[in-house]
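Asker: Take a look at the following structure, please.
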Amino acid sequence: MLASNMWKSALFLLLVLSLHESAHMMAAKAFHYEVPQVVLYPFGFGASILHLGHGSLWRETLILLAGPCVHLVVPFLLIVLVKFDLISITYANYLEQLNQSVLLFNLLPIYPLDGGRILLNFLHLFLPYCCGLWVSYALSVSLVLYLFHETAVLSFQIVLLFLLFQQLLSCLFIKREKEQFYYYRYLSAPKRIRLKHPFQDCFRAFYNVIRFEKEWMQEKAWIRRYFEKEDLKKRKQSHQIML
Amino acid sequence: MKQGQRIHRRIAKRRCGRNKPPAFYRFFYRFSMLIMIGLVAVLGYGISVKQGFVTGEDLLAVGTWFPFEKWFSLQDETVSAMPAYALLKDHYYSNGSNQAQAIGDGVVQSVEKQDQRYVILVKQDNGVIATYGTLESTAVKKDERIQRGDVLGTYQESLYLYFEKDGKEIDLTQAKQG
């Protein structure tokens, strides 16, 4: 299948993907986001950044754009390699095509990829947290299914299946994602524009004042109330089981 | 009482996870697991080739497995021109210009120099080994991937072409199709 003399192309792909991920990691560290580990997928790497969907919209978009920017620098690296006579010009063109493909693939608006997260950040400008998640997941899944139907390339289809599997898993864990977001908001003190609204959810871009049972609650108080209700529910459930 | 305390301590340790082995041992363990899985996969593939379940290297074109190659091709297949070679003498062809173009996707196996002329061997995705001889200059290097229509080098007057599949010689039309 993969001939042993494809090592140059495989090495190039590995190099480009690790440059991409290290750009993400460096941007994350510059904005003081924690990066606990780098995950290895079959088709590349992924730097897991803590609280990536929870903090400032603007900073996170910059972190997410840092990755694709590396791909704009790669053609210059290829020219340098050609000048040093390490690869030929036709091969440099081929590698540039690979680079462009990786860039386009990353900018697709599908959830685990960079493009999907940028779309999610955009949606969070005007939608509450859960609503934004649902809309972006729905768009991602429909786009993946559409691409799966349209393409004839087998490896692309396998990768799309893998992405679909990841998205379905994320749909199952939306509640946990929401709670992580509320933990983050409770601990951080955002100085943002105040937004009064009746929705039982937080807007990421504003400081929320939420209408709850005919009174206006500040964000922190509302989150504490949310977790207290959750605790009460769990205790009631465990009491029922014991009885 | 002591027994109970010991048991409680053991349970507490397991729960906290503070008794994890050092990072190097964990890395070595995962690395060796990966190696074992890889060996099983390679062994399984080797056995199926030996048994004849799959036919070795011309199972599928490499391009269908290698990621990103034709995922976002903005041009159609027909636009990347199939070079037209006209037969002059036996094994000597010409395509109207002095640039030798590849007739199929593949990987360059070797670039050799014989009597001040270059000979390029290309292993195509369809299993054909194509030899491009009597080249005056080369534009590719060993182990590089080429697509159909890529310029491999320049030649004067005529280009030597020889195609082989499974040890037997085949002609140009068969080599183009596979």
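The values are calculated or read from the model by the stated rules, or taken from the named source; none is laboratory data. Remember, it's a predicted structure, so these values are computed and weren't measured experimentally. For neighbour counting, all protein chains shown are included, and Cβ atoms are generated from backbone atoms with ideal geometry for every residue, glycine included.
Asker: Please enumerate the residues belonging to segment A:190-217 that are charged (D, E, K, R), closer than 22 Å to A:R59 by Cα and assigned to a strand (DSSP E or B).
Answerer: Within segment A:190-217, A:R194 is the sole residue that qualifies.
Asker: If I filter segment B:150-167 for residues that are small (G, A, S), within 11 Å of chain A (Cβ to nearest Cβ) and in a loop (DSSP other than H, G, I, E, B), do I get at least one hit?
Answerer: At the first step, the residues of segment B:150-167 found to be small (G, A, S) are B:153, B:158, B:167.
Pick out the ones that are also within 11 Å of chain A (Cβ to nearest Cβ) and you get B:153.
Filter once more, keeping what is in a loop (DSSP other than H, G, I, E, B): none.
No, that holds for no residue.
Asker: Condition first: at pLDDT below 90, among the aliphatic types (A, V, I, L, M) and buried (at least 16 other Cβ atoms within 10 Å of the Cβ). Now tell me which residues in segment A:26-46 satisfy that.
Answerer: Within segment A:26-46, just A:V35 meets the criteria.
Residues are listed down the side, and each one gets a yes or a no for (1) outside any helix (DSSP H, G or I); (2) in contact with a helix residue (DSSP H, G or I) (Cβ under 6 Å, 6 or more places away or on another chain); (3) closer than 22 Å to A:S56 by Cβ; (4) modelled with pLDDT under 95:
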site	(1), (2), (3), (4)
A:N93	no, no, no, yes
A:E96	no, yes, no, yes
A:Q100	no, no, no, yes
A:F105	no, no, no, yes
A:P112	yes, yes, yes, yes
A:I118	no, yes, yes, no
A:N121	no, yes, yes, no
A:S136	no, yes, yes, no
A:L143	no, no, no, no
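Asker: A follow-up question, please. How about segment B:132-153: which of its residues are under 17 Å from B:M82 (Cα atoms) and surrounded by fewer than 20 Cβ atoms within 10 Å (Cβ to Cβ)?
Answerer: Listed by number, the residues that qualify are B:Q147, B:R148, B:G149, B:V151.
Asker: Quick one: is A:H54 surrounded by 15 or more Cβ atoms within 10 Å (Cβ to Cβ), of a type outside the set (V, I, T) and within 18 Å of the chain's Cα centre (by Cα)?
Answerer: Details: surrounded by 15 or more Cβ atoms within 10 Å (Cβ to Cβ): yes; of a type outside the set (V, I, T): yes; within 18 Å of the chain's Cα centre (by Cα): yes.
It is true that A:H54 is surrounded by 15 or more Cβ atoms within 10 Å (Cβ to Cβ), of a type outside the set (V, I, T) and within 18 Å of the chain's Cα centre (by Cα).
Asker: For segment A:26-45: of the residues being within 14 Å of another protein chain (Cβ to nearest Cβ) and without any contact (Cβ under 8 Å) to a residue 24 or more places away in the chain, which is nearest to B:F68 (Cα to Cα)? Working first, answer last.
Answerer: Taking segment A:26-45 first, the residues within 14 Å of another protein chain (Cβ to nearest Cβ) are A:36-45.
Adding the requirement that they be without any contact (Cβ under 8 Å) to a residue 24 or more places away in the chain leaves A:36-40.
Values: A:P36: 28, A:Q37: 25, A:V38: 22, A:V39: 20, A:L40: 18 Å.
The extreme case among them is A:L40.
Asker: Can you go through A:F162, A:F122, A:F126 and tell me which one is aromatic (F, W, Y), within 14 Å of the chain's Cα centre (by Cα) and not assigned by TED's automatic domain parsing to the domain that holds A:R225? Give the derivation first.
Answerer: Working: A:F162 fails: within 14 Å of the chain's Cα centre (by Cα); A:F126 fails: within 14 Å of the chain's Cα centre (by Cα).
Only one candidate qualifies: A:F122.
Asker: Scanning for something free of Cβ contacts under 8 Å to residues at least 60 places away in the same chain, within 29 Å of B:E144 (Cα to Cα) and more than 14 Å from chain B (Cβ to nearest Cβ), does segment A:81-93 turn up at least one residue?
Answerer: Step one: of segment A:81-93, the residues free of Cβ contacts under 8 Å to residues at least 60 places away in the same chain are A:81-86, A:88-90, A:92-93.
Filter again for within 29 Å of B:E144 (Cα to Cα), leaving A:81-86, A:88-90, A:92-93.
Now drop any that are not more than 14 Å from chain B (Cβ to nearest Cβ), which leaves A:83.
Taking every residue of segment A:81-93 in turn, at least one turns out to be free of Cβ contacts under 8 Å to residues at least 60 places away in the same chain, within 29 Å of B:E144 (Cα to Cα) and more than 14 Å from chain B (Cβ to nearest Cβ).
Asker: Residues A:L78, A:L62: which one is hydrophobic (A, V, I, L, M, F, W, C) and either within 23 Å of the chain's Cα centre (by Cα) or assigned to a loop (DSSP other than H, G, I, E, B) (or both)? Quick ask: steps written out before the conclusion?
Answerer: Values: A:L78 fails: either within 23 Å of the chain's Cα centre (by Cα) or assigned to a loop (DSSP other than H, G, I, E, B) (or both).
After applying the criteria, what remains is A:L62.
Asker: Filter segment A:9-25 for residues that are closer than 23 Å to B:Q109 by Cβ and crowded, with 18+ Cβ neighbours inside 10 Å; which is nearest to the other protein chains (Cβ to nearest Cβ)? Walk me through how you get there before you give the answer.
Answerer: Narrowing segment A:9-25 to residues closer than 23 Å to B:Q109 by Cβ: A:9-14.
Filter once more, keeping what is crowded, with 18+ Cβ neighbours inside 10 Å: A:9, A:12-13.
Values: A:S9: 5, A:F12: 10, A:L13: 7 Å.
Applying the filter and picking the extreme gives A:S9.
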